2 protein chains.
Amino acid sequence: METLRADGLESSIAPHLLQADRAPKHRPGTYTPPYPSFSARFGEEVEAVVMAYFGVQVRDADDPALAAALDEIRGEFGEEGGPAYWDRAHYVDVQGYTTIISIAYWDDPAVFEAWYADHGESWTDPSRAAAGIGFFLELVMPSIERFETIFSATDRSEGVAGMAPGFSGMIEEHYYWGSARDRFPVSQGDPMWADGSPTLHVDGPVRTVVLHQNACLIRSGQDITDTGAAERAFYSEQVEPVLQAGMDFLRDEGAAIGCFDNRYMTVLDERNQPTDRTFGMSWWRELSLLEEWAASHPSHLKIYGAGMKHLSSFGPETRLRLYHEITVPTANEQRFVYVGCHDRTGLLRAFA
Amino acid sequence: METLRADGLESSIAPHLLQADRAPKHRPGTYTPPYPSFSARFGEEVEAVVMAYFGVQVRDADDPALAAALDEIRGEFGEEGGPAYWDRAHYVDVQGYTTIISIAYWDDPAVFEAWYADHGESWTDPSRAAAGIGFFLELVMPSIERFETIFSATDRSEGVAGMAPGFSGMIEEHYYWGSARDRFPVSQGDPMWADGSPTLHVDGPVRTVVLHQNACLIRSGQDITDTGAAERAFYSEQVEPVLQAGMDFLRDEGAAIGCFDNRYMTVLDERNQPTDRTFGMSWWRELSLLEEWAASHPSHLKIYGAGMKHLSSFGPETRLRLYHEITVPTANEQRFVYVGCHDRTGLLRAFA
């Protein structure tokens with residue numbers, strides 16, 4: 001569709017998904033962002049992906065049921081048809097519950113569904129309610145047009161990009177306000193407005209949430225693994241505190257601006273120990289409300305300002321890695337099931 | 001096209017110009033900005049307007065040729081077919097030249113052209129070069145789809161709105177980043193990307209600039225006429241200095257970010273004396289570059305922050321009035337002629 005620019009920039013949207021009449025904010029080929037960013041690239045045969053958040057929630061982090069649950073899902077992931085990539089992250093919610101989510105990605109919904117029938121569905125079986133701990137599955141299966149990714153570097157991937165065979169070259173659509181929208185293939189013909197509201201279905205101990213059309217999920221992360229002492233100190237003192245404050249704002253006051261929930265999580269390693277990688281994941285009523293917060297709310301402007309200060313302070317020597325993935329599923333591309341969880345868990349908060 | 005909302009909000013785009021499939025950032029009828037704003041409304045018979053900047057440039061503000069020129073154009077404006085509305089503004093440029101521009105508006109290009117042939121064309125006649133002062137005409141004739149206006153109050157109008165019969169009700173498309181674009185009727189089907197570059201034609205003493213397709217003009221003003229002592233002091237101490245700094249930045253360093261020229265002007269009264277009304281007018285390579293500056297450049301974020309602080313400090317008691325008009329003409333809807341002006345005048349700066 002578009003030829004590669006002399007300066008090597010290309011569209012975040014993969015060539016086979018580009019439309020001739022698309023209208024991003026800048027004419028393709030004319031905008032040069034001030035630093036490089038990249039998007040994950042999937043094979044042309046990938047029509048949709050699966051993002052499955054298998055969560056376990058415990059009052060006491062030392063509860064042996066937690067370790068058992070983590071071992072269980074790890075085992076299921078290893079079975080035939082298991083995820084192409086998965087990772088695991090931890091946080092403690094405002095109610096004091098430890099939550100660990102095993103986040104698994106597939107690049108073929110049919111493979112997922114077959115695996116799920118044999119190995120996944122039991123995670124939220126009604127019988128789990130007797131365990132005295134909480135289990136949930138937060139699942140979206142967006143078509144390839146309905147999510148976008150951005151990475152500050154390509155030598156390590158996270159999240160849905162973990163199963164992608166590679167990355168784009170340097171992309172045009174980043175840095176300016178509105179660029180996340182321009183990275184969605186579906187944005188070429190659809191403003192992605194929300195339609196409807198979340199609904200709650202209670203069936204004995206199982207609570208199911210059905211999200212409306214065009215709700216919005218973001219997983220937005222940072223990785224300080226490779227930073228030296230000076231950069232790590234700068235991040236810890238100048239960036240992390242405002243990031244934490246912004247995450248707390250979304251968690252505690254986000255409902256008023258269209259954010260259903262926010263979890264500020266730490267990625268765990270193979271032994272379930274914390275790493276130097278963190279991310280926020282939040283659910284929004286629609287993309288435009290996430291855009292609004294990012295563009296104008298003081299809690300995000302401080303994060304943005306601190307991040308820019310970090311990047312400009314260390315320049316090409318920066319070892320901080322940044323990435324995010326944003327997904328806007330249809331009303332059919334999703335499944336949210338909670339068993340034994342407290343009333344302020346995930347999307348249940350929209351009804352609490 | 002759209003029914004009036006229960007809360008009284010309506011689209012900035014007049015009903016007869018709304019398209020069924022338009023895709024502003026927010027679904028029509030769902031967004032409520034935090035304070036009211038309004039757009040000028042023209043009659044449905046108005047297909048295009050004329051914005052004509054008749055400038056005179058002198059080394060010495062006391063040069064009698066200046067007063068004579070001002071009287072002359074005032075007289076011409078009073079002739080048959082003259083402007084529906086006009087005002088006049090003053091500034092001193094970086095080179096020390098006093099410039100006074102008589103800005104005239106018509107709501108029918110045919111009426112303007114007839115008037116211009118008899119009364120306007122002589123303003124930039126080659127013979128003017130002998131006068132020892134500069135004359136220029138900066139003219140755009142946008143179709144009704146190719147400009148947008150916004151006002152913080154409706155009991156006084158300025159600029160192109162001065163000839164409009166009235167205002168819209170409270171509009172939806174403001175406050176969020178990208179809302180100016182959404183207010184353009186043409187944005188419903190056109191991203192308004194720049195195409196080409198300005199060209200300069202020299203014919204003896206007359207220099208003519210032809211702008212490319214989708215260049216962008218903004219006139220953005222403020223009026224403290226009705227402020228009390230406390231609000232006036234706040235504006236003078238907290239707002240005006242950062243506004244001045246931002247205007248200076250655009251004038252002196254704007255070229256690097258796509259701003260051809262910026263004039264920070266004071267409106268003059270009937271006796272050519274300064275009023276409490278000021279505005280910036282600037283020419284941009286395209287709308288997206290103006291959006292970029294507004295959304296992310298420190299010089300504008302400070303203006304925005306100071307303005308928001310002002311509005312929130314005085315709330316409903318605010319008497320500061322704000323407005324702007326933005327125009328994105330086609331390559332055919334314009335005419336720029338300079339006679340006897342120095343090389344850094346207006347759009348000539350793009351070639352200096």
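Things worth noting here:
- Length added when fully stretched, A:Val210-A:Ala117, from 0.36 nm per residue minus Cα-Cα: 31.5 nm
- Pairs of alpha carbons in the protein assembly as shown whose separation is greater than 40 Å (percent): 40
- Across the copies of the chain, B:Thr199 has label points (7 Å from Cα along Cα→Cβ) spaced 6.1 nm apart, shortest distance listed first.
- Net charge dipole, segment A:50-140: roughly 320 debye, given to the nearest 20, about the Cα centre with Cβ charges of +1 for Lys and Arg and -1 for Asp and Glu.
- The mean number of Cβ atoms from other chains found within 10 Å of a Cβ in peptide B:23-31 is 5, as a whole number.
- Unit charges on C-beta of K, R, D, E only; dipole of the protein assembly as shown, Debye: 1180
- Selected from A:Ile13, A:Ala48, A:Leu70, residue furthest toward positive end of dipole (segment A:1-94; charges at beta carbon): A:Ile13
- Each of A:Ser312 and A:Gln238 was given a label point 7 Å from its Cα along the Cα-to-Cβ line. The distance between the two points is 1.0 nm.
- Computed [θ] at 222 nm, deg cm²/dmol, the protein assembly as shown (DSSP H ≥ 4; -39,500 (n - 2.57); rounded to nearest 500): -6000 deg cm²/dmol
- Between segment A:288-352 and segment A:92-150, the alpha-carbon centres lie 19 Å apart.
- Neighbouring partner chain Cβ atoms per residue of A:173-181, average, 10 Å criterion: 3
- Sorting A:80-86, A:214-220, A:251-257 by average packing, meaning the other beta carbons within 10 Å per residue, from highest down gives A:214-220, A:80-86, A:251-257.
- Per the Debye calculation on segment B:134-241 with a single equal scatterer at every Cα and no solvent contribution, log₁₀ I(q)/I(0) for q = 0.15, 0.23 Å⁻¹ amounts to -0.93, -1.34.
- In nm, spacing of pseudo-spin labels at A:His297 and B:Ser127 (7 Å Cα→C-beta vector): 6.6
- Within the shell defined by Cβ-Cβ distances under 10 Å, the residues around B:Asp343 carry a net charge of +3, with Lys and Arg each +1 and Asp and Glu each -1.
- A Cβ-based charge dipole, computed about the Cα centre of chain B with Lys and Arg at +1 and Asp and Glu at -1, lands at about 980 debye.
- Average Cα contact separation per residue, segment B:40-131, under 8 Å, 6 or more apart, as relative contact order %: 38
- Across segment B:165-182, rounded Karplus estimates of 3J(HN,Hα) from the backbone phi angles (6.51 cos²θ - 1.76 cosθ + 1.60, θ = phi - 60°) give x, x, 10, 5, x, 4, 9, 7, 8, 7, 5, 7, 5, x, 6, 4, 4, 5 Hz, Gly and Pro being marked x.
- Peptide-level mean, for B:191-200, of C-beta atoms on other protein chains within 10 Å: 2
- Converting phi to 3J(HN,Hα) with the Karplus coefficients 6.51, -1.76 and 1.60 and the offset θ = phi - 60°, segment B:213-218 yields 4, 6, 5, 9, 10, 10 Hz in sequence order, with x at every glycine or proline.
- Spread of Cα-to-Cα distances over 20 Å intervals beginning at zero, given as percent, for chain A: 30, 61, 9, 0
- Gaussian network model of chain B, Cα within-10 Å springs - most flexible of B:Ala229, B:Ala194, B:Ala129: B:Ala229
- Relative intensity of segment A:50-140 on a log10 scale, I(q)/I(0) at q = 0.15, 0.16, 0.22 Å⁻¹, equals -0.54, -0.61, -1.09, per a Debye sum over C-alpha point scatterers of equal strength in the absence of solvent.
- With label points defined 7 Å past Cα in the direction of Cβ, position A:Ser312 shows copy-to-copy spacings of 2.3 nm, given to one decimal and shortest first.
- The separation of segment A:55-77 from segment A:233-251, counted between C-alpha centres, amounts to 28 Å.
- Taking the charge dipole of the protein assembly as shown about its Cα centre, with +1 at Lys and Arg Cβ atoms and -1 at Asp and Glu Cβ atoms, the residue from B:Gln95, A:Tyr304, A:Pro241 reaching farthest to the positive side is A:Pro241.
- Residue-wise HN-Hα coupling along segment A:286-300, computed from phi with Karplus coefficients 6.51, -1.76, 1.60 (Hz; x: Gly, Pro): 6, 4, 4, 6, 5, 4, 4, 4, 5, 7, 9, 7, x, 5, 8
- Each of A:Tyr304 and A:Val46 was given a label point 7 Å from its Cα along the Cα-to-Cβ line. The distance between the two points is 2.8 nm.
- Fully extending the segment from A:Ala245 to A:Ala61 would add 63.8 nm, taking 0.36 nm per residue of separation and subtracting the current Cα-Cα distance.
Just so you know, all these numbers are worked out from the coordinates, no wet-lab data involved. All values derive from a computational prediction rather than experimental measurement. Heads up, the Cβs are rebuilt from the backbone with ideal geometry, glycines too, and the neighbour counts pull from every protein chain shown.
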